[in-house]
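Okay, so here's the structure we're looking at.
The values are calculated or read from the model by the stated rules, or taken from the named source; none is laboratory data. Worth saying up front: this structure is predicted, and the values here are computed from it rather than measured. Every residue, glycine as well, gets a Cβ built from its backbone with ideal geometry; the counts of neighbours run over all protein chains shown.
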Amino acid sequence: MFSKFLRKSIVCAAVGVALAASAQSTDPVKIGFLSTLSGPGAGLGVDIRDGFQLAVKLAGNKLGGRPAEIIIADDQASPDVGRQAADRLIKRDKVDFMTGVVFSNVMLAVGTPTFASQTFYVSANAGPSQYAGDQCNPYFFSASWQNDNLHEAAGQVVQEKGFKRVAVIAPNYPAGKDAITGFKRFYKGEIASETLPALNQLNYGTEISQLRASKADAVYIFLPGGMGINFIKQFVAAGLSKDMTLFAPGFSGDEDVIKAVGESMLGMFNTSQWGHDMNNPANKRFVAEFEKEYGRLPSLYAAQGYDAALLINAAVRDSKGKLSDKAAVRKALQAAKFDSVRGSFKFNKNQFPIQDYYMRVIVKDAKGRVTNRTMGTVLKNHGDAYVASCKMPA
Amino acid sequence: MSLNHILLLEQALNGLQFGLMLFLLAAGLTLVFGIMDMINLAHGSLYMVGAYLIASITAATGNYWWGLLFGVMGAAAFGALLEVSVLRRFYQRDHLSQVLGTFAILLMCNEGVRLIWGSQPVALSTPESLSGPVQIFSGFYYASFSLFIIGVGLLVALLMYWVITRTRLGMQVRAGAANREMAMAMGVDVQKLFTMVFAAGAALCGVAGGMLGPVMAVQVGMGESILIVAFVVIVIGGIGSIRGAFLGALFVGIIDTAGRTFMPMLFAQLMSPEAAANAAPAVASVLIYLLMATVLFFKPRGLFPVHG
């Protein structure tokens, strides 16, 4: 009697597994795309979203051969809202992957429920030092960079150009602190002043008069999105560009900011892991298709969104669609078998990238557009400073 | 002139600029509160709608000045429409109903703007002619648009002073603020007066939107944060008093700006930049409320009380 029952349930279970397996290959891959789509940081989220959706569209609305379902949510750049939205995506929508978060303070709030539910997070932007170091997690992959990286490259550029007295401005939140740490790691001169305005502050009258008083010979700003737009406009309007040279990471020197500020940005140096003029087939296709689809040049955020989608695509493909097999998915993600638009890309032990960082300068191109030109490599095959403290489970 | 003097002067100008913009918002608010005894939380929405109209018209015509002109007129029309259609019904109600009703309007305005313009900020740039710096004296450049803002703020304040003290309309407004029932008994067409005051308040909001839009950002919810400060201004100045709103706005503007500049400098002397960055803005933002508490302690009706 007992054995009969057991046999029956084994058969049932086997049928169930078979059904589940067959359902898996036609079931959509669900992506929880949680990003900042309102407020001063909205331009960043929109670019990541557009890049991500473009990659999925070019793959025939599929990821790894399975239909893709992208569920989009807005975190309003707030950790509370982000956390609630992440809970909803994970518990109600039961997404297979999470991606899209722009700001690191939101990322740190979203990470906890995501990792707890064993959902893979593929970052298309935020790369907080916490997740690269002692809080590194098997479920977190950065398809962008570690927060310090672009600032490390910028520190190197400012150092090489021989500036001796640099004022630093970055918002008071995790990535802002990473930015200053990263910049100082490679810039060895004097710091004339260090200012941490509130995240999403828009009026920089106070900072600008302090800059004037600091007598710095250069200013380094990490002010992404609307913050950078306002700062650069006000910096130029106050006449400070006559006295000091402005440096920025790609975050304050890409298409979104250039479009809003215009020609006064000509000649500004910035650093990035990518440029729209990079000469590789994957990038040429991406830039051409992006311009065709959206009628504008892509920014580094769009490139990161595109790459994140390609990485997920590769992971679904190489794990043969068995997304419940976490070890297999993780292995496929780690292998990173996709053609990144930035050229060479591989993962470090902490699942953050090892890649090259470039200097770019804002110029007028042959078509008369104000845009970036990639100048040269600043850091080659560069990882991050936190990997040593990461005890990643195998 | 040494750098420290330049820093002080620049901050004084920044404070003046912020104060004058606060005055534009507070003037309408204090009149509506004083004359109609109406708490209007949707006042910030008029500012937002004005800024969006200006940004859209500027984008459509390619000319900031057309945008400013028609945007301000649009904001006034929107304000008048709101008064005639909805707010008029709130005058006889108690303050709680007014707060709830106008809060609902605020939410509807936010969502309406989101529907029409989307949730991303809308671009509004300073006009080309005012986008550069001006040299005030050797070694000191100041943004020409900021000077323009100060000029417009002073001009509007003068104009209001003239209207309030020298015209028949102004007399009616003053009478209404001092004693509404008596003004009505003396034959003032209150309904028309209220609509006009409301439209004028909305137009001032529109002007503030056009001035601050290019400096800050034209986005959903831009009215709320500044509305709270505007309320502080009218409470400090005395409800219903334009003179009070003017001086209150300048006080608040200058103290707020000074706090935001010098608190971090002071704190940076005492602790690490990171700790200072956390502590200083918190302390600086409390300053205007401290000012309000101090004023109310000595003058519970504000600096220039109107009601007899």
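With the requirement that a residue be within 10 Å of chain A (Cβ to nearest Cβ) and surrounded by fewer than 17 Cβ atoms within 10 Å (Cβ to Cβ), what does segment B:137-174 give you?
B:139
Condition (residue is within 14 Å of chain A (Cβ to nearest Cβ), of a type in the set (Gly, Ala, Ser) and outside any helix (DSSP H, G or I)) applied to segment B:200-223: is it met by at least one residue?
Yes, there is a match, as at least one residue in segment B:200-223 is within 14 Å of chain A (Cβ to nearest Cβ), of a type in the set (Gly, Ala, Ser) and outside any helix (DSSP H, G or I).
Would you check if residue A:301 is in a strand (DSSP E or B) and under 19 Å from the mean Cα position of the chain (by Cα)?
No: the conditions fail for residue A:301.
Just the residues that are modelled with pLDDT under 95 and either within 16 Å of residue A:143 (Cβ to Cβ) or assigned by TED's automatic domain parsing to the domain that holds residue A:223 (or both), please, taken from segment A:73-103.
none
From the set of residues in segment B:122-136 that are within 9 Å of chain A (Cβ to nearest Cβ) and either over 19 Å from residue B:63 (Cα atoms) or basic (Lys, Arg) (or both), which is surrounded by the most Cβ atoms within 10 Å (Cβ to Cβ)?
So the residue we want is B:133.
Quick one: how many residues across segment A:304-342 are over 19 Å from residue A:353 (Cα atoms), in a loop (DSSP other than H, G, I, E, B) and of a type in the set (Gly, Ala, Ser)? If you could, list the steps in order and put the result at the bottom.
In the first step, residues of segment A:304-342 are kept if they are over 19 Å from residue A:353 (Cα atoms); the result is A:316-328.
The next check asks that each one be in a loop (DSSP other than H, G, I, E, B); those that pass are A:319-325.
Retained after the next criterion (residues that are of a type in the set (Gly, Ala, Ser)): A:319, A:321, A:324.
Qualifying residue count, segment A:304-342: 3.
Output the number of residues of segment A:166-180 satisfying the condition of being at pLDDT 95 or above and farther than 19 Å from residue A:231 by Cα.
The total comes to 0.
Here's the yes/no breakdown for (1) within 30 Å of residue B:190 (Cβ to Cβ); (2) not in a helix (DSSP H, G or I):
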| site | (1), (2) |
| --- | --- |
| B:10 | no, no |
| B:28 | yes, no |
| B:32 | yes, no |
| B:38 | yes, yes |
| B:56 | no, no |
| B:59 | no, no |
| B:82 | yes, no |
| B:99 | yes, no |
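Can you spot a residue in segment A:281-296 that is surrounded by fewer than 19 Cβ atoms within 10 Å (Cβ to Cβ), closer than 24 Å to residue A:131 by Cβ and touching a helix residue (DSSP H, G or I) at 6+ places or on another chain (Cβ under 7 Å)? Steps first, please.
Initial filter on segment A:281-296 (surrounded by fewer than 19 Cβ atoms within 10 Å (Cβ to Cβ)): A:281-282, A:284-285, A:288-289, A:291-296.
In the following step, the residues that additionally are closer than 24 Å to residue A:131 by Cβ were identified as none.
No, the conditions are met nowhere in segment A:281-296.
From the list A:223, A:199, exactly one residue is touching a residue at least 60 places away in the same chain (Cβ under 8 Å), among the hydrophobic types (A, V, I, L, M, F, W, C) and more than 9 Å from chain B (Cβ to nearest Cβ). Which is it?
Just one listed residue meets the conditions, A:199.
From B:8, B:81, B:100, B:96, grab the single residue that is over 18 Å from the mean Cα position of the chain (by Cα), closer than 30 Å to residue A:215 by Cβ, surrounded by fewer than 19 Cβ atoms within 10 Å (Cβ to Cβ) and free of Cβ contacts under 8 Å to residues at least 12 places away in the same chain.
B:8
Just the residues that are small (Gly, Ala, Ser) and more than 13 Å from every other protein chain (Cβ to nearest Cβ), please, taken from segment A:62-80.
A:64, A:65, A:68
Somewhere in segment A:228-235, is a residue buried (at least 24 other Cβ atoms within 10 Å of the Cβ), more than 14 Å from chain B (Cβ to nearest Cβ) and touching a residue at least 60 places away in the same chain (Cβ under 8 Å)?
For segment A:228-235, residues buried (at least 24 other Cβ atoms within 10 Å of the Cβ), more than 14 Å from chain B (Cβ to nearest Cβ) and touching a residue at least 60 places away in the same chain (Cβ under 8 Å): absent.
Can you run down the residue pairs with Cβ atoms below 6 Å, 6 or more apart or on separate chains, where the first is in segment B:151-167 and part of a helix (DSSP H, G or I) and the partner is surrounded by fewer than 19 Cβ atoms within 10 Å (Cβ to Cβ)?
Within 6 Å, the pairs are B:163/B:170; B:164/B:170.
Please work out if residue A:262 is over 23 Å from residue B:127 (Cβ atoms), modelled with pLDDT under 90 and within 14 Å of another protein chain (Cβ to nearest Cβ).
It is false that residue A:262 is over 23 Å from residue B:127 (Cβ atoms), modelled with pLDDT under 90 and within 14 Å of another protein chain (Cβ to nearest Cβ).
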